[in-house]
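Here's the structure, in structure tokens; my notes come after.
The values are calculated or read from the model by the stated rules, or taken from the named source; none is laboratory data. Keep in mind it's a predicted model, so treat the numbers as computed, not measured. With ideal geometry, Cβ positions are generated from the backbone for all residues, glycine too; neighbour counts draw on all protein chains shown.
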């Protein structure tokens, strides 16, 4: 991590604890292979016996990032530092110990600390003791974001999971207090042969949405504590950020007599305008309510050719290319200077922010897809000595980013 930021630009100490001996040994080996020999990794049950102590008390941390075992039993017998679980205890049996891990993480945060943990979706809506724990955490304004992910994403489990982002009490920025951001990313993934995974553009969209902390139709929603209270502290993601597609319109007359309903074309007007595509390129007037396809379009393959030959489309393409060229001329020097500056992540952030601000106004892609272009290119070329950035423009068209 520090190499990406240009060297030892900050002090970083790593701590970890896991009860599984195999996981513990792999973590130790991973630290050694990455040159982090000083990481303090312990092998024991963190709920029963946390081992990172400072003067006999629990050590506090600036950042806590975890992926605890899902749906595990635990025992109160011999448990140390039971005061960690100030919001209540989950049932010891029934494999519902997830919120016990969450409470431990909250207990070891520093005053301005922040944590993120992977959890099964059950913690968002189960009743009983878990609902009371959720209620306490929300009332104390510790929960900042709930991020939903697709199924079969995490190794060892096929069920969908979520990430809960929390801050220490009082550490939320003023504009986020008494609010929680819900991000529904369960449709944003790449299906692999054995497992799903997130591409760089998916990750960039999640992080951009979290940073923006605003409503994004069909993807993210900012919800007040009062609304959560009215919903009995239920954090089911789809209740707040529903990404289900709208039902496909059906026009019985069009099915029987042919024609394209004008209201369906009008519903896509923003998309057509963004691409500079005129309705007359493909459609002819039938009557006041319906269009017909241009009768000269006798082959399906000709539709794409007709669209690409449209003057509006060509002008948009020229505008995009010119804007891209200007952006590249302005910022390529920062890449050339990287061997000297070693400011890898700073350059990445600068390139991405400038790309979004310059390219988004062209109107062909939304800000998330624009950011995804750079995120994907960066990930594919991070080990290439002389990457070719300008060809990424051609890659958009080839991959169907735009049309």
Does segment 127-137 contain any residue that is without any contact (Cβ under 8 Å) to a residue 24 or more places away in the chain and not assigned by TED's automatic domain parsing to the domain that holds residue 376? yes
Among (1) in contact with a helix residue (DSSP H, G or I) (Cβ under 9 Å, 6 or more places away or on another chain); (2) at pLDDT 95 or above; (3) surrounded by 15 or more Cβ atoms within 10 Å (Cβ to Cβ), residue 86 falls short only on (3)
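Quick grid of which residues meet (1) in contact with a helix residue (DSSP H, G or I) (Cβ under 9 Å, 6 or more places away or on another chain); (2) not in a helix (DSSP H, G or I):
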{"site": "19", "(1), (2)": "no, yes"}
{"site": "22", "(1), (2)": "no, no"}
{"site": "46", "(1), (2)": "yes, yes"}
{"site": "64", "(1), (2)": "yes, yes"}
{"site": "68", "(1), (2)": "yes, yes"}
{"site": "91", "(1), (2)": "yes, yes"}
{"site": "99", "(1), (2)": "yes, no"}
{"site": "110", "(1), (2)": "no, yes"}
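Just checking, how many residues over segment 136-172 are in contact with a strand residue (DSSP E or B) (Cβ under 9 Å, 6 or more places away or on another chain) and under 27 Å from residue 113 (Cβ atoms)?
25
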Of the residues in segment 279-301, those that are surrounded by 14 or more Cβ atoms within 10 Å (Cβ to Cβ) and farther than 21 Å from residue 251 by Cβ number 1
(Q) Residue under question is residue 116, and the condition is that it be within 25 Å of residue 211 (Cα to Cα) and surrounded by 19 or more Cβ atoms within 10 Å (Cβ to Cβ); does it hold? (A) no
- Within the bounds of segment 200-214, is there any residue that is modelled with pLDDT of 95 or more, on the phi < 0 side of the Ramachandran plot and either more than 18 Å from the chain's Cα centre (by Cα) or not in a helix (DSSP H, G or I) (or both)? yes
Considering segment 299-324, residues that are outside any helix (DSSP H, G or I) and out of contact with any helix residue (DSSP H, G or I) (no Cβ under 6 Å at 6 or more places or on another chain), and then whichever is modelled with the lowest pLDDT, we arrive at 300
task = Output yes when any residue across segment 70-82 is assigned to a loop (DSSP other than H, G, I, E, B) and in contact (Cβ under 8 Å) with a residue 40 or more places away in the chain, and no when none is.
result = yes
Taking residue 181 as the residue in question, decide whether it is more than 16 Å from residue 237 (Cα to Cα) and buried (at least 16 other Cβ atoms within 10 Å of the Cβ). no
